[in-house]
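Everything below concerns the one structure shown next.
The values are calculated or read from the model by the stated rules, or taken from the named source; none is laboratory data. A quick note: this is a predicted structure, and the numbers were derived from the prediction, not measured. Neighbour counts run over all protein chains shown; Cβ positions are idealised from the backbone, glycine included.
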Amino acid sequence: MKLRNYSYLALLGGMALSLSSCDKDENLVSNGGNNSGNGESGRQFYNVVVGINVTDNGSTYTAAYRDISSPDMHISFNNWGFEVPSVRTSYVYTSDAGDVLYNLSYGGGTISKFDVLGGENYSEVKTLDISLAMGTNNPRWTKVNEQYASLHNVVTEHQYENDVYSYTNTKTILTPIDLNSFSIIRNDENSTGGVTFDFPRTQEDIDNNLHVWRIDAPVVAGGKAYYGVNKRTYNPDTNANVSTSDYSSCALVVDFPSLENPKVITSTLAKGSTQGYRTPVGHADEKGDIYQICSAAPTKFLKITNEDYDNSYDFDLSSALGMNSVGANGWFYVGNGIGYIPFYDAELATGTNVVAAWGVARVDLYNKTAVRLNLPENLWLAQYQNGVLGEDGLFYMAIAPMGGSGYIYKMDPSSTSADGFTIGASIETLDSSSAYLGVF
């Protein structure tokens, strides 16, 4: 295993990536390192990413392949792969072609850009310290398109009047990243980052002592960025924050890329967070409408049209699956109203980290239908981050039970069957603490 001279990375005693001998072929050919990240035509690489010790402060490994579609190919995490620099499980993105990898070292306060050379070979292009701009080593971030990414963070401060608690204010910090130059876009030459503003409070916030404590997963469409929002309350008697889903689902809207003119839009159909967790919560379709999920159980799909929620659009995932209560952290859009969503049975799981409560469903946004796919049991998809649409028109996901073996599943968007997939490369996990984070 190659550590690429990152002195702070720990060697995990043989837990890396390996390929069987049949894999060391043209799938791993280097492309010479002349990657631009500008979306060259066609997919260059499929980056398969795994997390080790994912429910704790784990490590992340990746390897890049030209093709992962054949069931004759085998991928296992054993003495092979590139360890992505991170204090905790990485937040990884790639260019659309898969030839550039971007990483947030969550807890490390840096973001990095790598050329993807094939196999376990990744060449560092640039690393940025973003802790000063964001005021933390633990911001969230999202690649919003081939040109830009968004770094985002909120800081809460309890307000008192005459030593009596009044409300909790949320300062919002938004910083855009130019992915081509891999640099912070500053709002003026003296700025450390993007923009800072007080999060707009709604009347519901005032009436119910609510405050925003996280935002994430922005979607950019029509010159606007839509950020998912998570709220909670505060008990001044115990000096404790209190989790709740009893508030109207909402989104923060700002101009993009200027990040100006913040406003909040609110749904009347759903309750709870739209922030999600690591998985994207919203996507724009071909018509320019945004479909976002309320990630609290019961999960609903919400529709945003003309910069506001369309409160006539009601798509309840639990009802569509014929289940009592379903939760999700995010979902993936394929096209023409079709997507795939990792979900959990909220009657089995008291939290998203419970193993065996997870599945994957094909969803039809336009017809408001969902079909649970016949995938293996004992799945843990709480941190599943990405799937990709292959040039064959199939949607690729790396699915394996924790501590077990699985496959690259090639989902057929045109199929409404629970068996609407074929299998590609076989995959395996290292132990009961490791899980695949996706294909990028």
Checklist entry - Which residues, counting only those in the stretch 387-420, are buried (at least 22 other Cβ atoms within 10 Å of the Cβ), under 22 Å from residue 277 (Cα atoms) and not aliphatic (A, V, I, L, M)? => result 387, 395, 396
Checklist entry - Are any residues in the stretch 59-77 surrounded by fewer than 16 Cβ atoms within 10 Å (Cβ to Cβ) and either over 19 Å from residue 411 (Cα atoms) or of a type in the set (S, T, N, Q) (or both), and if so, which ones? => result 70
Checklist entry - So which of 37, 32 is at positive phi, under 23 Å from the mean Cα position of the chain (by Cα) and either at pLDDT below 75 or surrounded by fewer than 19 Cβ atoms within 10 Å (Cβ to Cβ) (or both)? => result 37
Checklist entry - Here are some conditions: (1) out of contact with any Pro (no Cβ under 8 Å at 6 or more places or on another chain); (2) more than 19 Å from residue 199 (Cα to Cα); (3) surrounded by 17 or more Cβ atoms within 10 Å (Cβ to Cβ). Residue 334 meets all but one. Which one does it not meet? => result (1)
Checklist outcome for this item: When the stretch 162-183 is checked residue by residue, the ones that are surrounded by fewer than 21 Cβ atoms within 10 Å (Cβ to Cβ) and either within 19 Å of residue 95 (Cα to Cα) or at pLDDT below 95 (or both) are 162, 163, 178, 180, 181, 182, 183
Checklist outcome for this item: The condition of being in contact with a helix residue (DSSP H, G or I) (Cβ under 8 Å, 6 or more places away or on another chain) and aliphatic (A, V, I, L, M) holds, among 130, 177, 173, only for 173
Checklist entry - Which of the residues that make up the stretch 407-431 are under 13 Å from residue 392 (Cα atoms) and assigned to a loop (DSSP other than H, G, I, E, B)? => result 412, 413, 414
Checklist entry - How many residues does the stretch 158-190 hold that are assigned to a strand (DSSP E or B), under 18 Å from residue 255 (Cα atoms) and of a type in the set (S, T, N, Q)? => result 2
Checklist entry - Failed condition for residue 291, given (1) of a type in the set (Ser, Thr, Tyr); (2) surrounded by 23 or more Cβ atoms within 10 Å (Cβ to Cβ); (3) farther than 24 Å from residue 359 by Cα, with all others met? => result (3)
Next on the checklist: Condition first: crowded, with 23+ Cβ neighbours inside 10 Å, modelled with pLDDT under 95 and in contact with a Gly (Cβ under 8 Å, 6 or more places away or on another chain). Now tell me which residues in the stretch 344-380 satisfy that.
Outcome noted: 344, 379
Next on the checklist: One residue is enough: does the stretch 216-229 have a residue meeting the conditions closer than 29 Å to residue 160 by Cα and surrounded by fewer than 21 Cβ atoms within 10 Å (Cβ to Cβ)?
Outcome noted: no
Checklist entry - Taking the stretch 245-276, which residues are of a type outside the set (Gly, Ala, Ser), under 22 Å from the mean Cα position of the chain (by Cα) and either assigned to a loop (DSSP other than H, G, I, E, B) or farther than 19 Å from residue 200 by Cα (or both)? => result 256, 257, 259, 274, 275
Checklist entry - Taking the stretch 56-95, which residues are out of contact with any strand residue (DSSP E or B) (no Cβ under 9 Å at 6 or more places or on another chain) and among the charged types (D, E, K, R)? => result 56
Checklist outcome for this item: Going through the stretch 184-208 in order, the residues found to be aliphatic (A, V, I, L, M) and either closer than 26 Å to residue 100 by Cβ or modelled with pLDDT of 95 or more (or both) are 184, 185, 206
Item to check | Lone qualifier among 116, 154 - being buried (at least 22 other Cβ atoms within 10 Å of the Cβ), of a type in the set (A, V, I, L, M) and either without any contact (Cβ under 8 Å) to a residue 60 or more places away in the chain or within 23 Å of residue 220 (Cα to Cα) (or both) | outcome: 154
